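Report on one structure; see the data block that follows.
The values are calculated or read from the model by the stated rules, or taken from the named source; none is laboratory data. Keep in mind that this is a model prediction, so the values were computed, not measured. Neighbour counts run over all protein chains shown; Cβ positions are idealised from the backbone, glycine included. Ligands, DNA and RNA are excluded from the accessible area calculation, which covers all protein heavy atoms including side chains. Shrake-Rupley method; radii C 1.70, N 1.55, O 1.52, S 1.80 Å.
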Amino acid sequence: MFGFANFLLLALFAAAAVDLIGAWRRCGRPVPALRVLWREEHLLFGGWAAARRLQWGPRLFCLGLALYEFTVVFCNSMAREQWPWVQARLAPVLDVVMYLAFFGKILLGTRYSWRSLGLAGALYFIARWVYFNGQNIWFLGLAVVLLAAKDVPLRRSMRAFLASGLPALALVEVLHFAGLIAPGATSERDGSFRLLFGYGHPNTFGGVVLGLVLAWVLLRLGRLRWLELAAIAAVGVFLLAGPASRSAALCALLLAALLALAKRFGKGRPAGRPAAALPAALVPLTGAVSLILPLFVIKVGPWANDIGPAWLLRLDELLTCRISLAWAAYRVLDIKIAGQMLPDWPVLDNIFVYLLYQFGPVLLVIAATLLTAALYQYARHGRWQEAACLVVMLLYGYMETQVLHVTSDPALLLLSGAVFALPFSRWNEADASCR
């Protein structure tokens, strides 16, 4: 990953140099050349084979996204425990092909202005910077995916996501219940412990299923039927009753409720500025609750969750110790501007606290700003189903850091337009025209 991260950054600098030389030759003077590059979108490394490159760019992105999904859904299942070659040989090969596909899309298959590329490139530089400190490969992968997602129709991406994720999950379940990757499958079925469905933890399985549900919603935007919303709610009930994945279950139930409200009352109606600011305000509000509530903790016993006052203890139990673990982090960890590698304890499942310690306050502010801006724009333009997915993403982040994985949260692709600071008419424009 060190090599991949450095290669992409150096390649973007090289592309900027080639752009400047070419524009300078065409314009004859440096200032007009810079103005053209700043305003007009163009392919990097010259305009050779432009039509073919723009045709293959989305295909490369969909290939990379499909490999990303398969790597997480299959290679991170219990198959890696039974067959070491899955992680030792198969996953590294898939990772190399995946990143080559994404880099090909970024460097050769996308048009940029220097304005949009400069903003997105600065975010990638920060992501690379904190990666070297925190060693979180998933976050660096997310940054690459968001860079590569520019100008790829969302529905096309979700078709590739589902075409890879659904068969991979089905394969894991067949192997699991056949007893090939989970020798304890029989005892799981008779209820002696929670169903894991081929994964090492119920929340891992819940995240995979929630990601597929979100992908289906993003594929069906504007065309969701009441029966589909009932099916989403049924998935939430299943996740709660089966693997007991509380976070994914609550998010699926909330998603069904928000989509029902959007279908009944939204109907593409744009919101005024004050109304659009309400869903956007959920981001700083959730962040404030995440970071301030642990300050009210009073230690009353030897265990990490032996806390008071009583109302905070009950809330902490409901949220499976999210508050007391954040309090413990406040006590034992230092905040570093560019992040750090975290110890195994305390486990920080709240994304706001996690970002603060793993990546530092700068990245926390940037991530919150991007999500706030995206929620505001989708609500402002009447895209209530997209806004519902982002609100669910916010709730999921309060309970799980898996929100950083595209597999568990493909709604992250809704942030691509904000990452490049594009006008809203360019956010998933091909999908909006099909509504």
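Miscellaneous remarks
- Around the Cα centre of region 304-435, unit charges on the Cβ atoms of Lys, Arg, Asp and Glu (plus for the first two, minus for the last two) sum to a dipole of about 420 debye.
- Solvent-free Debye scattering, log10 I(q)/I(0), computed from the Cα coordinates of region 126-280 at q = 0.18 Å⁻¹: -1.24
- Kyte-Doolittle mean at least -1.0 and Cα axial length at least 24 Å: DSSP H helices in the chain: 2-27, 50-73, 91-108, 114-134, 154-177, 202-219, 273-292, 361-380
- Pairs of alpha carbons in region 1-40 whose separation is greater than 14 Å (percent): 52 percent
- The accessible surface of the chain, taken with every protein chain in place and a 1.4 Å probe, is 68 percent carbon and sulfur.
- About its Cα centre, the chain has a charge dipole of approximately 1800 debye under the convention of +1 per Lys or Arg Cβ and -1 per Asp or Glu Cβ, with nothing else charged.
- Descending Cα extents along the principal axes, the chain, whole Å: 74, 48, 46
- Computed over region 337-412, the P(r) curve from all C-alpha pair distances, binned at 5 Å from the origin, holds 3, 16, 22, 25, 18, 9, 4, 2, 1 percent per bin.
- The shape of region 278-435 can be summarised by an equivalent ellipsoid whose semi-axes, obtained from the alpha carbon gyration tensor, come to 33, 16, 12 Å from longest to shortest.
- For T110, residues with placed amide H under 5 Å, excluding near neighbours: L44
- Longest exposed-site-free window of the chain, the sites being chymotrypsin sites (Phe, Trp or Tyr not before Pro) in a DSSP loop that have at most 12 other C-beta atoms within 10 Å: 49-192
- Computed Kirkwood radius, in angstrom, where 1/r is averaged over Cα pairs of region 61-158: 14.6 Å
- 1.4 Å probe accessible area per residue over region 218-334, in Å²: 53 Å²
- Average projection area in nm² (convex hull over Cα atoms of region 1-121, one quarter of hull surface): 8.3 nm²
- Pairwise inverse Cα distances across region 249-348, averaged and inverted, put the Kirkwood hydrodynamic radius at 16.5 Å.
- The tail of the calculated P(r) for region 85-125 beyond 17 Å holds 49 percent of all Cα-Cα pairs.
- The mean sequence distance of close C-alpha pairs (under 8 Å, at least 6 residues apart), as a share of the length of the chain, puts its relative contact order at 19 percent.
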